[in-house]
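The values are calculated or read from the model by the stated rules, or taken from the named source; none is laboratory data. Remember, it's a predicted structure, so these values are computed and weren't measured experimentally. FYI the Cβ positions are ideal-geometry reconstructions off the backbone, even for glycines, and counts take in every protein chain you see. The accessibility values were calculated without ligands, DNA or RNA, using every heavy atom of the protein model including side chains. Shrake-Rupley method; radii C 1.70, N 1.55, O 1.52, S 1.80 Å.
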Amino acid sequence: MVTDIRDRGDIAGIVTDFYSRAFADDLLGHVFVDVAKLDLDRHLPIMCDFWETVIFKAGTYRRNALQLHFALHRLEPLTERHFTRWLTLWAATIDDRHAGPHAEYAKLQAGRIAGSMRRRLAGRPPSQSPVPVAGPTLRAHEDPPQG
Ligand code: HEM
């Protein structure tokens, strides 16, 4: 029987499944593998913190995801196509594994966050951004302007 998302264990299942799809994806795979060179062992627990905080208000995620995507956007411009694909994979992963209010909320919030990220990135084209000094991680004083 398909259940709703109940706990961190369910979230771990979702993010693991999502990243295996994203890494294999013809559009997103390049960004994760070649550009960000993402270390999944390190990244997956952070994503669990993030979604546990979004869905269950766990408060375990205290980092700045927007800054990392600004840094990524400077290395490889993230377009509408990337966001649409990301959301398609996210929704398909959740729908394949779960159904219920938390599942719907996880999709709704992903759409909202993606829209907000996309608008903020579009407001700062890569050519106008400072060049990163050491890889995709930004320093604290480089906070992007809010609003
Ligand atoms: C264009 C679509 C997207 C791409 C290609 C993308 C790619 C990435 C990559 C490569 C990282 C790792 C960055 C690093 O550690 O250096 C990352 C981190 C992350 N992404 Fe995305 N992302 C996208 C959209 C989203 C969306 C829509 C969300 C949320 C709904 C999201 C949430 C996160 C979070 C929470 C992190 C972890 C940040 C941290 O380490 O604190 N991403 N993303």
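The set of residues in the stretch 26-52 being more than 20 Å from ASN64 (Cα to Cα) and surrounded by 16 or more Cβ atoms within 10 Å (Cβ to Cβ) consists of LEU28 alone. Residues in the stretch 103-125 that are in contact (Cβ under 8 Å) with a residue 40 or more places away in the chain and open to solvent by less than 20 Å² (accessible area, probe 1.4 Å): ALA103, ALA106, LEU121. Against the numbered list (1) modelled with pLDDT of 95 or more; (2) out of contact with any strand residue (DSSP E or B) (no Cβ under 6 Å at 6 or more places or on another chain); (3) of a type in the set (A, V, I, L, M, F, W, C), MET1 comes up short only at (1).
Residues that are within 10 Å of the ligand (Cβ to nearest atom) and of a type in the set (S, T, N, Q) within the stretch 58-92 comprise ASN64, GLN67, THR79, THR84, listed in sequence order.
Can you tell me which residues in the stretch 59-74 are open to solvent by 50 Å² or more (accessible area, probe 1.4 Å) and more than 19 Å from SER116 (Cβ to Cβ)? Give the derivation first.
The initial filter retains those residues of the stretch 59-74 that are open to solvent by 50 Å² or more (accessible area, probe 1.4 Å), namely 60, 62-64, 68-69.
Matches in the stretch 59-74: THR60 only.
Pairing residues of the stretch 23-36 that are among the small types (Gly, Ala, Ser) with residues that are open to solvent by less than 80 Å² (accessible area, probe 1.4 Å) and more than 10 Å from the ligand (Cβ to nearest atom), at Cβ distances under 8 Å and at least 6 apart in sequence or on separate chains, gives GLY29/PHE23. The listed residues are ILE5, ILE55, ILE14, and the only one of them that is open to solvent by less than 20 Å² (accessible area, probe 1.4 Å), out of contact with any Phe, Trp or Tyr (no Cβ under 8 Å at 6 or more places or on another chain) and more than 10 Å from the ligand (Cβ to nearest atom) turns out to be ILE5.
State yes or no: is VAL35 within 11 Å of the ligand (Cβ to nearest atom), farther than 17 Å from ILE94 by Cβ, in contact with a His (Cβ under 8 Å, 6 or more places away or on another chain) and of a type outside the set (Gly, Ala, Ser)?
Details: within 11 Å of the ligand (Cβ to nearest atom): yes; farther than 17 Å from ILE94 by Cβ: yes; in contact with a His (Cβ under 8 Å, 6 or more places away or on another chain): no; of a type outside the set (Gly, Ala, Ser): yes.
Here the answer is no, as VAL35 does not meet what is asked.
Would you mention how many residues in the stretch 85-102 are open to solvent by 70 Å² or more (accessible area, probe 1.4 Å), within 18 Å of the chain's Cα centre (by Cα) and of a type outside the set (D, E, K, R)?
Narrowing the stretch 85-102 to residues open to solvent by 70 Å² or more (accessible area, probe 1.4 Å): 88, 95-97, 101.
Narrowing further to those that are within 18 Å of the chain's Cα centre (by Cα): 88, 95.
If we keep only those that are of a type outside the set (D, E, K, R) too, we end up with 88.
Summing the residues that are open to solvent by 70 Å² or more (accessible area, probe 1.4 Å), within 18 Å of the chain's Cα centre (by Cα) and of a type outside the set (D, E, K, R) in the stretch 85-102 gives 1.
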